[in-house]
Amino acid sequence: YRTVKPIYNPKLTSFCKELTRLTQEEIAGSKNLLEVLQEANMFLEQYKPRQIYVFGSQDKEYLKRELYWHRKEWGEKNYKEAQRFVSKITNIQYYICTRLLKEEINMSLLDCKELLNISGNVVHHALQDARDLAAVDYYSKRRFIPAAVRQQYIDKKRQEMKYRQYRRVKQEAFVCNT
C-alpha cells in the first residue's frame, strides 16, 4: 500500500480527507508517482503476479493519462517501466457483475458486497478497497444467489437506470428552455 504525493494539488481538501481517511501528513510524506511505480515494479519482479485487479476502469485510465503527461520528464526508460506496471492492471468489475447477475448490469463494489451479504461499507481507502475486492471476488465464485434475489436486484438496477435517464432528459430540457 502506497500513497502518492500530488504535484498539482498537494493540499488535501476536507472532502478528500473525509472520503479516504488520509491525512495531510501521510500525503506530505509520500513519494512521487515515478518512485511509487518503480517500487511497484520491484514488487512485480519479486512476487510475479499475473495481474493486478481493480474494480472499475478509472484507476488504469488515470495512470495511463499520468504516464502520458510525464513521459518526457521521466525519460523513455522510466516511462516503459511504468507502462509495464500499468499493463498488469485488469478491471474485473465486468466479470464479477456478470458472474453475480448473469447479465451485463454495472454494479458498484458496495452493491456487490450487499448482494453477497458481506458486511461493512465501502470506505474509499485503497487498502480496505483491496480487501473488499478480494472478498467480493472470492465469494462471488462460491456463494449461490437465488434466482428470485438476483431478479429483484436486476429490476431495482433497471429502475435506477430509468430514473437517471429521466432526470438527465429533464435536466437537458431545462437547459434548452433557459
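The values are calculated or read from the model by the stated rules, or taken from the named source; none is laboratory data. Given the structure is predicted, the values throughout are model-derived calculations rather than measurements. FYI the Cβ positions are ideal-geometry reconstructions off the backbone, even for glycines, and counts take in every protein chain you see. Just the protein is used for accessible areas: all its heavy atoms, side chains included, with ligands, DNA and RNA removed. Shrake-Rupley method; radii C 1.70, N 1.55, O 1.52, S 1.80 Å.
Below are the figures for this structure:
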item	result
Matching label, log10 I(q)/I(0) by the Debye sum over Cα atoms at q = 0.13, 0.14, 0.18 Å⁻¹ computed from the structure shown, candidates (i) -0.60, -0.70, -1.14; (ii) -0.87, -0.97, -1.22; (iii) -0.76, -0.86, -1.26	(ii)
Cα→Cβ-extended label distance, 7 Å offset, between Lys64 and Met42, nm	2.9 nm
Within a Gaussian network of the chain (alpha carbon springs, distance under 10 Å), most fluctuating of Gln51, Gln152, Gln165	Gln165
Nonlocal amide H pairs with Asn91, under 5 Å, H built at 1.01 Å	Val54
Heavy-atom accessible area ranking, 1.4 Å probe, most first, across Cys97, Cys16	Cys16, Cys97
Estimated [θ] at 222 nm from DSSP helical runs (n ≥ 4, -39500 (n - 2.57)) normalised by residues in the chain, nearest 500	-21000 deg cm²/dmol
Set of lysines near Lys11 by C-alpha distance (under 18 Å), chain-local residues within fewer than 8 positions excluded	Lys31
Set of lysines near Lys80 by C-alpha distance (under 18 Å), chain-local residues within fewer than 8 positions excluded	Lys48, Lys60, Lys64, Lys72, Lys88
In Hz, Karplus ³J(HN,Hα) per residue of the range 115-131 (6.51, -1.76, 1.60; θ = phi - 60°; x = Gly, Pro)	5, 8, 6, 9, 6, x, 8, 8, 9, 6, 10, 3, 5, 5, 4, 5, 5
Gain on full stretching of the segment that runs from Ile7 to Ser57 - 0.36 nm per residue minus C-alpha separation	15.7 nm
Candidate lysines - alpha carbon under 30 Å from Lys170, same-chain residues fewer than 8 apart omitted	Lys156, Lys157, Lys162
Computed label-point distance, nm, for sites Asn117 and Arg143 using a 7 Å Cα→Cβ extension	0.7 nm
Heavy-atom accessible area order for Ile89, Ile118, largest first, 1.4 Å probe	Ile118, Ile89
Heavy-atom SASA rank of Tyr94, Tyr8 (probe 1.4 Å, accessible area, largest first)	Tyr8, Tyr94
The chain - accessible surface per residue (Å², probe 1.4 Å)	72 Å²
